[in-house]
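Enquirer: Could you have a look at this structure, given as C-alpha cells, before my questions?
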Amino acid sequence: MSTQTFPVTGMTCGHCVSAVSEELRAVDGVSDVDVELVPGGTSQVTVRADVTLRPDPAGGLRISSSKITVRGTADGVDNDAFVKAAEAAKVGCPVSKALTGTEITLDAALG
C-alpha cells in the first residue's frame with residue numbers, strides 16, 4: 001500500500017472534484033481517492049493503492065487482486081449516483097479489462 005497527497009490548484013466546484021477523481025480511479029492499482037475541495041485555493045487529493053501479488057506459474061509475480069476505494073464529494077450527486085458512476089468507471093476502465101480474471105473490488109461512497 002502506498003498513500004500520497006498532492007496539492008491541486010484551480011479546482012472550483014464539484015465537477016472539478018469529479019473530473020480529478022475519475023482520472024485517478026482509472027489508474028491501475030488505485031484503491032482510494034479523496035479530494036478535499038478548497039474552491040479557488042489549494043485543494044488536497046489523497047490516493048491510496050492496494051494491489052495483491054502472487055507467484056505466477058510461468059515465473060515471477062502476477063497481480064491477483066486490486067482493491068479500488070473511492071471517497072469524494074460532488075455537488076448535486078447523491079451516494080447512489082456516486083456509486084453508479086464509480087462502478088461504470090471500473091467496468092469501462094481499460095486496465096480493468098486487461099486484468100480480466102483478476103479479482104477487482106470496488107468500495108465507493110460519498111464522504
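The values are calculated or read from the model by the stated rules, or taken from the named source; none is laboratory data. Only a predicted model underlies this, so the values are computations on that prediction, with no experimental measurement involved. No Cβ is skipped: glycine too gets one built from the backbone with ideal geometry, and neighbour counts run over all protein chains shown.
Enquirer: Go through (1) at pLDDT 75 or above; (2) within 13 Å of the chain's Cα centre (by Cα) for Gly59 and report which single condition fails.
Expert: (2)
Enquirer: Do you know which of the residues in segment 68-111 that are basic (Lys, Arg) and modelled with pLDDT of 70 or more is surrounded by the most Cβ atoms within 10 Å (Cβ to Cβ)?
Expert: The initial filter retains those residues of segment 68-111 that are basic (Lys, Arg), namely 71, 84, 90, 97.
If we keep only those that are modelled with pLDDT of 70 or more as well, we get 84, 90, 97.
Numbers: Lys84: 13, Lys90: 19, Lys97: 9.
Across segment 68-111, the extreme among qualifying residues is Lys90.
Enquirer: Could you grab me the full set of residues in segment 1-41 that are in a strand (DSSP E or B) and at pLDDT 75 or above?
Expert: Across segment 1-41, the qualifying residues are Pro7, Val8, Thr9, Val30, Asp32, Val33, Asp34, Val35, Glu36.
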